[in-house]
Number of protein chains: 2
Amino acid sequence: MGNPAGPQPTSYPALDIPERILLGPGPSMVHPRVLQAMSTPLVGHLDPKFIEIMDRIQGLLRYAFQTGNPLTIPVSGTGSAAMEAAIANMVEPGDSVLVCINGYFGLRLAEMARRYGADVLTITRPWGEVFTVAEVQQAMQAHPPKVVAIVQAETSTGAQQPLDEIARVVHARSAILIVDAVTSLGGVPVRVDEVGIDVCYSGTQKCLGCPPGLGPITVGPRAEEILSTRSRPVANWYLDLTIVQKYWGKERTYHHTAPISSNFALYEGLRIVAEEGLEARWARHRRNAERLWTGLEALDLTLHIPLSHRLPTLTTVRVPEGVDEAQVRRALLEDFNIEIAGGLGELKGKVWRIGLMGHSSTPENVDLLLNALDRILHSP
Amino acid sequence: MGNPAGPQPTSYPALDIPERILLGPGPSMVHPRVLQAMSTPLVGHLDPKFIEIMDRIQGLLRYAFQTGNPLTIPVSGTGSAAMEAAIANMVEPGDSVLVCINGYFGLRLAEMARRYGADVLTITRPWGEVFTVAEVQQAMQAHPPKVVAIVQAETSTGAQQPLDEIARVVHARSAILIVDAVTSLGGVPVRVDEVGIDVCYSGTQKCLGCPPGLGPITVGPRAEEILSTRSRPVANWYLDLTIVQKYWGKERTYHHTAPISSNFALYEGLRIVAEEGLEARWARHRRNAERLWTGLEALDLTLHIPLSHRLPTLTTVRVPEGVDEAQVRRALLEDFNIEIAGGLGELKGKVWRIGLMGHSSTPENVDLLLNALDRILHSP
């Protein structure tokens with residue numbers, strides 16, 4: 001065996017995780033039933049029982065996405081991996097891609113498209129605003145794209161992008177529409193088939209109430225056509241849906257080992273979504289968000305996004321003049337065990353980001369936060 | 001809210017997972033302490049406590065890999081993602097890459113390198129054999145590569161590749177060595193610094209005794225130099241170590257949301273590795289493998305790999321003439337709750353693959369399997 005192993009570490013204490021109320025942009029709190037599913041002893045990833053669970057997950061994901069798309073699966077990575085799967089599979093070098101940028105995740109879509117060799121055209125809006133259909137139409141006329149990518153729920157700003165009309169103009173010019181639904185799926189309506197979204201992806205750690213680690217994605221018929229007629233292999237092997245779909249499909253061809261426990265958890269999380277029902281779940285997210293908004297305004301705080309396109313799942317609040325925003329977050333975490341987040345990019349230092357997603361979206365959590373903020377901001 | 005949601009699914013039963021004895025090529029059984037860690041309520045991925053856990057994981061991974069490399073992290077995907085991270089970060093289009101292929105995972109390394117635009121040269125050996133240093137040296141003379149990639153523990157064959165001398169000839173020609181340690185890390189010696197492996201990766205679901213979902217990787221100084229002097233960005237955004245290392249490093253720059261629960265589990269799994277000690281752990285894997293080999297030979301079965309380069313963590317057994325190999329596996333699963341696997345590629349239908357990895361590697365599991373095989377193969 002050669003030389004002995006290097007020094008055996010001795011100073012690693014037991015896992016000592018504080019209980020937190022997670023009201024940031026994700027991960028949100030995980031339902032106890034989902035946590036229990038995570039601790040289920042494993043079976044093999046080709047075990048008949050796991051294959052049955054894979055099928056059930058696909059069925060439930062179709063419900064969550066409101067789609068009949070056969071190619072609807074959780075990618076074996078986080079929401080960022082699902083975003084990359086969308087780009088990597090739809091884009092070949094030289095393809096024209098229009099990316100709508102009004103926040104951090106639009107920027108990332110453009111960055112990824114460039115890495116896959118796309119000819120990237122961007123339109124931009126200040127962080128927090130949304131795009132009109134005319135803006136998208138005009139950009140498409142100037143430079144007809146194969147793919148249009150847009151974020152439905154910008155986690156960096158709290159803005160919700162209307163999609164119905166945009167989908168129509170994208171299809172009218174024979175392009176396909178990729179939609180980022182990371183902070184919307186399971187919390188606000190994402191109607192893939194009705195709207196005509198061609199590729200839609202999300203993460204598990206936001207409104208689905210599961211731990212991070214999987215990235216649900218659905219691929220519609222127009223996009224499947226693009227996938228099956230690519231002129232060269234997908235540049236990304238791990239996220240190549242032409243082979244991943246044979247693992248999740250009837251062939252069950254080995255590609256990689258699915259994260260078994262995370263899939264158990266996703267199954268349980270999606271069962272909870274189905275039990276509650278999407279309509280009721282959307283209404284709950286809306287109701288608790290309104291309670292939060294009213295409460296924040298009662299504390300003399302200003303919401304960054306106008307009501308007309310404000311996301312119920314992620315609220316941005318302007319940091320009042322003269323307040324140290326990081327200090328407030330630290331006090332929330334240390335004195336009240338509540339996590340919220342600061343701003344990103346253009347909004348860094350200017351806003352707080354408060355998430356009410358999945359199992360975190362309760363009136364109790366809203367009241368705890370409002371009470372804590374009141375004490376921190378208004379104590380002498 | 002527009003139209004109501006599509007039909008609410010009603011026919012999804014509670015998670016109903018049978019208890020299995022996992023003796024296939026992975027996932028292996030997960031230690032109860034690790035399962036419990038998986039069910040710990042989450043904290044945010046930028047929570048000071050999670051950042052502390054990230055640091056502790058890095059320290060313990062360095063012990064597991066036997067390295068001092070600062071860039072030692074779990075990639076947020078399975079072992080296949082870690083393999084892709086190794087290739088994507090080290091390879092630029094046009095780079096010359098030598099891949100040694102003597103099984104399924106060598107083939108995959110070559111496929112990935114091609115997708116990243118490498119000029120791929122391969123040397124091959126029948127599945128189950130290993131490479132001599134002279135073979136590697138000769139191939140390098142004919143066509144000097146920037147990168148040499150080789151599999152230490154071929155999960156598809158059960159062969160263990162000696163590495164020390166190969167590392168020397170690779171470095172003598174100023175190339176770097178990528179080593180696949182998916183089925184070895186934590187089960188057989190992987191001495192990254194002593195051997196001089198430049199990039200080494202693994203998975204969590206084999207000898208580390210955790211669920212699948214993370215891919216540990218370590219990058220040495222020569223490889224870090226290549227990474228920091230690339231002429232173009234890494235083609236794969238999600239696995240781009242130039243940015244991922246800023247998330248795991250002092251900067252803590254947001255890149256993606258780490259799979260929190262899987263990291264809790266990995267931390268607990270690595271603590272167990274440290275408590276047992278690598279030397280003792282390697283000895284346990286060896287001892288239980290020898291018990292298995294002796295028992296299989298006593299059942300008149302033939303081991304596919306000669307003792308000189310036989311892996312203790314994954315044993316391939318030849319299927320006897322006239323035996324339906326799939327039927328035997330089915331009987332093991334259905335009548336004894338034991339999972340083993342069939343062959344892949346060149347060995348499909350010809351061998352069974354038996355894993356004794358991590359928490360699965362116990363004398364009790366060996367005896368249960370031997371007894372079950374005896375009953376299935378030799379009952380009238």
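The values are calculated or read from the model by the stated rules, or taken from the named source; none is laboratory data. Keep in mind the model is a prediction, meaning the values are calculated, not measured. For neighbour counting, all protein chains shown are included, and Cβ atoms are generated from backbone atoms with ideal geometry for every residue, glycine included.
Every condition in (1) touching a Ser or Thr at 6+ places or on another chain (Cβ under 9 Å); (2) of a type outside the set (A, V, I, L, M); (3) within 11 Å of chain B (Cβ to nearest Cβ); (4) not in a helix (DSSP H, G or I) holds for A:Phe264 except the one numbered (4). Whether any residue in segment A:350-359 is at negative phi, in a loop (DSSP other than H, G, I, E, B), basic (Lys, Arg) and surrounded by fewer than 23 Cβ atoms within 10 Å (Cβ to Cβ) is what I want to check. So far as segment A:350-359 goes, yes, one or more of its residues are at negative phi, in a loop (DSSP other than H, G, I, E, B), basic (Lys, Arg) and surrounded by fewer than 23 Cβ atoms within 10 Å (Cβ to Cβ).
Return yes or no: is A:Glu339 more than 14 Å from chain B (Cβ to nearest Cβ) and either surrounded by fewer than 17 Cβ atoms within 10 Å (Cβ to Cβ) or more than 18 Å from A:Gly103 (Cβ to Cβ) (or both)? Taking the combined requirement at face value, the residue does not satisfy it.
Could you tell me whether segment A:96-109 includes any residue that is more than 26 Å from A:Ile305 (Cα to Cα) and more than 10 Å from chain B (Cβ to nearest Cβ)? Checking segment A:96-109: at least one residue is more than 26 Å from A:Ile305 (Cα to Cα) and more than 10 Å from chain B (Cβ to nearest Cβ). When each of A:Pro74, A:Pro27, A:Pro41 is tested for being surrounded by fewer than 20 Cβ atoms within 10 Å (Cβ to Cβ) and not small (Gly, Ala, Ser), the lone residue that passes is A:Pro41.
The set of residues in segment A:183-225 being hydrophobic (A, V, I, L, M, F, W, C) and over 19 Å from A:Trp248 (Cα atoms) consists of A:Leu185, A:Val188, A:Val190, A:Val192, A:Val195, A:Ile197, A:Cys207, A:Leu208, A:Cys210. Those helices (runs of 4 or more DSSP H) of segment A:140-237 in which at least 1 residues are in the same structural domain as A:Asn102 (by TED's automatic domain parsing), under 30 Å from B:Ile260 (Cα atoms) and in contact (Cβ under 8 Å) with a residue 24 or more places away in the chain, considering only elements entirely within it, cover A:192-195. Residue count for segment A:250-284, restricted to those that are farther than 25 Å from A:Leu314 by Cβ and either without any contact (Cβ under 8 Å) to a residue 24 or more places away in the chain or not assigned by TED's automatic domain parsing to the domain that holds A:Ser76 (or both): 4.
Among the residues of segment B:10-21, the one identified as in contact with a strand residue (DSSP E or B) (Cβ under 9 Å, 6 or more places away or on another chain) and either within 7 Å of another protein chain (Cβ to nearest Cβ) or crowded, with 24+ Cβ neighbours inside 10 Å (or both) is B:Arg20. Within the option set A:Gly94, A:Gly103, being in the same structural domain as A:Leu214 (by TED's automatic domain parsing) and within 21 Å of the chain's Cα centre (by Cα) holds for one residue only, A:Gly103. Here is the figure for segment A:45-71: residues that are under 11 Å from A:Ile260 (Cα atoms) and buried (at least 23 other Cβ atoms within 10 Å of the Cβ) total 1. Residues in segment A:27-56 that are more than 7 Å from chain B (Cβ to nearest Cβ) and of a type in the set (D, E, K, R): A:Arg33, A:Glu52, A:Asp55. When B:Gly24 is tested against (1) at the interface with another protein chain (Cβ under 7 Å from one of its Cβ atoms); (2) modelled with pLDDT under 95, just one condition goes unmet, and that condition is (2). Any chance you could count how many residues in segment B:231-270 are hydrophobic (A, V, I, L, M, F, W, C) and in contact with a strand residue (DSSP E or B) (Cβ under 8 Å, 6 or more places away or on another chain)? Adding up the residues that qualify gives 5. The single residue among B:Met83, B:Met90 that is farther than 30 Å from B:Leu307 by Cα and surrounded by 24 or more Cβ atoms within 10 Å (Cβ to Cβ) turns out to be B:Met90.
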